[in-house]
Amino acid sequence: MNQNNEVPTKLHAKLITVAAIGAVGGFLFGYDTSVINGAVDAIASPDSGFGLNAAMSGFSVSSAMIGCVVGAWFAGTLADRIGRVRVMQLAAALFVFSALFTGLASNIWVFVIFRIVGGLGVGFTSAIGPAYISEISPSSRRGFLTGFQQMAIALGIVASLVVNDSYLLGSGGAAVTFWAGLETWRWMLMTTAVPGVIMFALTFALPESPRYLVMKGKKAIAEKVLLEVVGDRNASATVEQIAQSLEGETQPKVSDLRGKTFGLKSVVWIGIGVALFQQVSGANVIMFYDSSLWKAVGFTESASMTIAVVRALLATAVTVLGMLIIDKVGRRAMLKVGSLIMAVLLVVVAVCFAQSTMTADGGIELPGAWAIIMIVGAYGFFLTYCATWGVAMWVVIGEIFPNRIRAVAVALATAANWIGNFLVSTTFPPLRDSLGLTWTFALYAVMAVLGYWFIAKKLPETNGVELEDMKAEI
């Protein structure tokens, strides 16, 4: 969008509303990936669930990531064919099916199949949500508005944990039989259908992306969206600017990403790198496994879930903080500072676990103040991640790619993000059981340091740069 255009105050609320609805997929993303938190132990139990070992328990959690990778990979191509909004609607339908069938699964393989189905929906929304918001936002507000994706993820996590905690208080435990003769964990998963239905309804209020409309030759409609939603007073000039950036281009495809740097354009590798480093420092270990982790150090199931709810509420608050400052401090500074703080706090957590001793029931015990220090360090790490990498990664991959390859490149970077997520969430239980928590968190600290190096050496600053001015080679 033309950065000299002003968004009138009376239209600003409409722009924020559209961005918020566009990020609703992020809410389901957060809800779906976090809802498993309170259910993972009951699902693995031979009494209430499927009797899983540590490796299979990790796979039951991370199997959704397979669908996420596939969904993200095809999201760009699909979005360029049928539109960004239609893809969001398809994702919502997949969420609903996944919620119902995982909750009613009679064996682990039915459970895994429909976790993958839900992952497809997550993959679609995680790739298309940031791209859609970037394409409908003026450059001066793009970081803030694209940050709605991470805020929605955080709110989805809060909602799932509150619902899970409510179920635990009502039934007495995730493994306990609750309504209709079904275990509590099944109701936790089936409840995901409710926000899925809400998302499906809300997406009908979204206008299509101006870039997609121009790509399909619908310039008049694109001008109307730019004028009425974005408040672009030079909408016709912006449409022509978009058209020029697309001139002579055919339907975007994966082959368009080829370049001289190990077979891909350098900007594509940068996007992939940012997406991967967001995951490999282990932040999602806190999201997926913190209730199990706190139970292991002596907290009750109910207390562990309450701690997780507090964590999610704080994560939402710091995410908003990140959204407010990202357009002021820039993407690079936010990511670099975040990496350093995360690395230090991960070392603190590793040192705390080095003081632990095994208990008779297979748990661990931290003496004196070490348990409190560990919790402060772990949550400090996670909150730093939410305020920095959690916000900035989605902004960067939504804006760094040039117009003609954006949808496909965002899809590839998002797929890489989910591959990293899959590897971390799948390997945590066996790493915990083989290396121990000390060396596992030390490994994540090393990844955070490598993330700092990558940002410092490779990532250009995209703050305030027009989407039409993004270059294919950097």
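The values are calculated or read from the model by the stated rules, or taken from the named source; none is laboratory data. What you are looking at is a predicted structure, and each value in this text was computed from that prediction instead of being measured. Reconstructed Cβ throughout: ideal geometry from the backbone, glycine too, with neighbour counts over all protein chains shown.
Quickly run through the stretch 24-42 and pick out the residues that are over 11 Å from the mean Cα position of the chain (by Cα) and either at pLDDT 85 or above or assigned to a helix (DSSP H, G or I) (or both). Quick ask: steps written out before the conclusion?
Restricting attention to the stretch 24-42, the residues satisfying the condition of being over 11 Å from the mean Cα position of the chain (by Cα) are 24, 35-42.
If the condition is that a residue be over 11 Å from the mean Cα position of the chain (by Cα) and either at pLDDT 85 or above or assigned to a helix (DSSP H, G or I) (or both), then V24, V35, I36, N37, G38, V40, D41, A42 are the ones that fit.
For the stretch 345-358, which residues satisfy the criterion of being in contact (Cβ under 8 Å) with a residue 24 or more places away in the chain and surrounded by fewer than 16 Cβ atoms within 10 Å (Cβ to Cβ)?
Selection gives A354 alone.
Of all residues in the stretch 444-466, which are in contact with a Gly (Cβ under 9 Å, 6 or more places away or on another chain) and at pLDDT below 95?
K458, L459, E461, T462, N463, G464
Please state which one of A99, A105 is outside any helix (DSSP H, G or I), modelled with pLDDT of 85 or more and among the hydrophobic types (A, V, I, L, M, F, W, C). Working first, answer last.
On the way: A99 fails: outside any helix (DSSP H, G or I).
Every option except A105 fails the conditions.
Does the stretch 154-184 hold any residues that are within 16 Å of G118 (Cβ to Cβ) and either in contact with an Asp or Glu (Cβ under 9 Å, 6 or more places away or on another chain) or not in a helix (DSSP H, G or I) (or both), and which are they?
The answer is G156, S160.
What number of residues in the stretch 197-238 are part of a helix (DSSP H, G or I) and either more than 24 Å from the chain's Cα centre (by Cα) or farther than 16 Å from G22 by Cβ (or both)? So that I can check it myself, show each step before the final result.
Initial filter on the stretch 197-238 (part of a helix (DSSP H, G or I)): 197-205, 210-215, 219-230, 235-238.
With either more than 24 Å from the chain's Cα centre (by Cα) or farther than 16 Å from G22 by Cβ (or both) added as a condition, the list becomes 197, 210, 213-215, 219-230, 235-238.
The total comes to 21.
Modelled with pLDDT of 85 or more, buried (at least 18 other Cβ atoms within 10 Å of the Cβ) and within 28 Å of I419 (Cβ to Cβ): does that describe L276?
Values: modelled with pLDDT of 85 or more: yes; buried (at least 18 other Cβ atoms within 10 Å of the Cβ): yes; within 28 Å of I419 (Cβ to Cβ): yes.
Taking the combined requirement at face value, the residue satisfies it.
Suppose we filter S291, S356, S304 for residues that are touching a Lys or Arg at 6+ places or on another chain (Cβ under 7 Å) and at pLDDT below 90; which single one remains? Reasoning before the result, please.
Details: S291 fails: touching a Lys or Arg at 6+ places or on another chain (Cβ under 7 Å); S356 fails: touching a Lys or Arg at 6+ places or on another chain (Cβ under 7 Å).
Within the list S291, S356, S304, the selection yields S304.
If we scan the stretch 191-199, do we find a residue that is under 25 Å from I405 (Cα atoms), at pLDDT 90 or above and not basic (K, R)?
Of the residues in the stretch 191-199, the ones under 25 Å from I405 (Cα atoms) are none.
So far as the stretch 191-199 goes, no, none of its residues is under 25 Å from I405 (Cα atoms), at pLDDT 90 or above and not basic (K, R).
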